[in-house]
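Inspection log for the structure reproduced underneath, given as structure tokens.
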Amino acid sequence: MPPSKLSWLVSSLSILPQNWTVVASASLFGLLVAMNLLGKVIRNTLLVPKLTLMEDLKSVGQKRTDGRIKGRAVVCGGSIAGLLAAAVCSDHFESVLIIESEGSPAELGMDKPKPMEFRTMVDGPNALPTAIPLRKRLIQYLALHGFLPPTILGLQKLFPVNLKTELDYFGCFVPFSFVLSYCNKLTPEVFKAKDPRTPLGLGISRQAFETLLRRLVVKSRPNVSFMTGTINGFKCQTRGDRYLSGVTVKDQDDELATFIVDATGPTQSSYHRWLENSGFGPLPPSLQDEYDPCLSYAQSVYTLPDKLIPEVEKLLPDGLKSGFWSNLPEPSTGETRLIYMYWAEDSHWLMIASGGWGVTKEQRPHGIDELREYTKSLHNAEATPQWIFKLYDLLEEHGDECSPWFADYHPGKMSFIKYHEAQKGTLPSNWVAVGDATIKLNPIYGQGCTKAMIDAVTLDSLLRLVPAQQDLPLDFSDKFFRKVVPRTRGMWDGNKANDYGFSTTQPAKGETLDENAFMRAFSRNFIYAGLEVGVKAIDPQVAGFLQLTYTQLS
């Protein structure tokens, strides 16, 4: 309560008779206590369990008391969402089979990736060195990523024994350090890896993180097996039966399943083909919410030789040995371009990404000269930290030694399949979809793996309610989607609201870019207020936490 209002209240009470003053004071105190208790009850019993994974996280990894459910779970897709779902299913079913079209662990690798292994030179007079990844279907497979707190919390519960050893093997810091910038308004404080106030986070390449998950699953879940193959669809013994019996695999025998998880990623195969072809559908077009942010960006990756590491550390803000710096545009300024930088001390990688909403190929920089001019041309460029430009100079001076390679990315349309709105009884009972197979989020916001972990933890909570000697209930998939969507929809709505702030975005059918204008304005005022308070506050990390909150919720 502001001091002025508090003074007014005290003055008002002072003119009452003494006994009335005592009664009024006691009543006011009791009301405040009651309101505080009510707020805690609502938060702890309604909001936290419904909107977050925190309550369900407590039971993840615990052994079932009545044994495992009979039969086998088949996971369609062996990337991040598929591996997390497989780890959960292995705790509840007798066995789990992961079917991945691009290779088994032996083919994709179980060892710490070497950045130089898959580089190649592209021919042509104006060609840039690029990279050919093993996983050609996965966007940014070789790029560095930042993973948010829910992912780390889930890993700690799923793999309590092996996680620290594996993170040490990959040379990862948890948490890792970072510094954020919003519309070139810089956080006044660096979040350092060793600072206990730094939020949990993990900086690692997509390739390395997927390899980390494979190693964790293989070493801790002996009832999980892998198979290379392309799934063509589902099998259903009787048309109209709500239980699927397995999957069909191209040029191979069918695989039987007690439970099926679609983790096929942005192809969203269940919605577009598999469900209808097995007798569940056609699903109405209204179940898909789709828009195109018209986003594109270029990534430049440098491998720093040992002798350059001390020089780079001298340039970076104190404490930033592994982490990232980012500068996101604010739509109301008219700026649509972004830039962010990741560095990983152990792998000696440094990645610079630039591009944005409606940015053309000609506007995306690739060399240091272009990056320098691009950075200078951004909104409020004069506030860009000078160490950024000094780093450019160092990379330019030692360009050949850093073996840079470049890649362009076009994420395409974002899509949300609203299975929770499907007519009751139309979805298979022993099937769910996770990760990008239900919501493909804008990768710029870095929330895809968080969404996959929320899906996995939610799935674990519902499987724990199924007795080992019984079939999955008829409404199992319905319950899953109704429970998981309130936890993940905020990511979709926030991403979409921010993307709609850029005039080049193509909105969903029946919508205009004016949708969610209030949410954009609120977020903008929230972040600016955080910056203003953070600069003046005794603890300057206030600003950084508000920025981190914005980037996680937006």
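For the stretch 401-411, 3J(HN,Hα) computed residue by residue from phi via the Karplus equation (6.51, -1.76, 1.60; θ = phi - 60°) reads 5, 8, 6, x, 9, 10, 8, 10, 10, 10, x Hz, glycine and proline entered as x. Residues LYS40, LYS157, sorted by accessible area with the largest first, give LYS40, LYS157 [1.4 Å probe; ligands and nucleic acids excluded].
Computed with a 1.4 Å probe over protein heavy atoms only, the accessible area of MET110 comes to about 50 Å². Taking the average, over residues, of other Cβ atoms within 10 Å as the packing measure, peptides 480-489, 440-449 rank 440-449, 480-489 from highest down. Computed on the stretch 332-440, with alpha-carbon pairs under 8 angstrom and 6+ residues apart, the relative contact order is 17 percent.
Residues whose amide H comes within less than 5 Å of that of ALA433, counting only those at least five positions distant or on another chain, are ASP262 (H built at 1.01 Å from N in the peptide plane). Once all protein chains are placed together, ARG520 keeps about 40 Å² accessible to a 1.4 angstrom probe. For the stretch 283-288, putting each phi into the Karplus relation 6.51 cos²θ - 1.76 cosθ + 1.60 with θ = phi - 60° gives couplings of 6, x, x, 5, 6, 9 Hz, in residue order, rounded to whole numbers and with x for Gly and Pro. The candidates GLU102, GLU397, GLU330, GLU290, arranged from most to least accessible area with a 1.4 Å probe in the full protein assembly, appear as GLU397, GLU290, GLU102, GLU330. For LEU295, nonlocal amide neighbours, meaning residues 5 or more places apart or on other chains whose placed amide H falls under 5 Å from its own, are GLY358, GLY412. 3J(HN,Hα) along the stretch 384-398, derived from phi through the Karplus expression 6.51 cos²θ - 1.76 cosθ + 1.60 where θ = phi - 60°, amounts to 4, x, 5, 5, 4, 6, 5, 5, 4, 4, 5, 5, 5, 5, 10 Hz, with x in place of Gly and Pro. Taking all protein chains as they are arranged and a probe of 1.4 Å, the heavy atoms of ARG43 leave approximately 120 Å² accessible to solvent.
Peptides 222-234, 303-315, ordered by how many other C-beta atoms sit within 10 Å of their residues on average, highest first, read 222-234, 303-315. A 1.4 Å probe run over the protein chains yields, for the stretch 397-516, 37 Å² of accessible area per residue, whole-number rounding. Residues whose amide H lies under 5 Å from that of ILE69, counting only those 5 or more places away or on a different chain, are PHE93, GLU94; hydrogens are built 1.01 Å from N in the peptide plane. Relative to the current alpha-carbon distance between GLU276 and ASN380, full extension at 0.36 nm per residue lengthens the span by 32.3 nm. Carbon-plus-sulfur accessible fraction, the stretch 393-435 (probe radius 1.4 Å, protein heavy atoms only): 42%.
The values are calculated or read from the model by the stated rules, or taken from the named source; none is laboratory data. As the structure is a prediction and not an experimental result, all values here were calculated from the model. We place every Cβ from the backbone using ideal geometry, glycine too, and count neighbours over all the protein chains shown. Areas reflect the complete protein model, heavy atoms only, side chains present, ligands, DNA and RNA absent. Shrake-Rupley method; radii C 1.70, N 1.55, O 1.52, S 1.80 Å.
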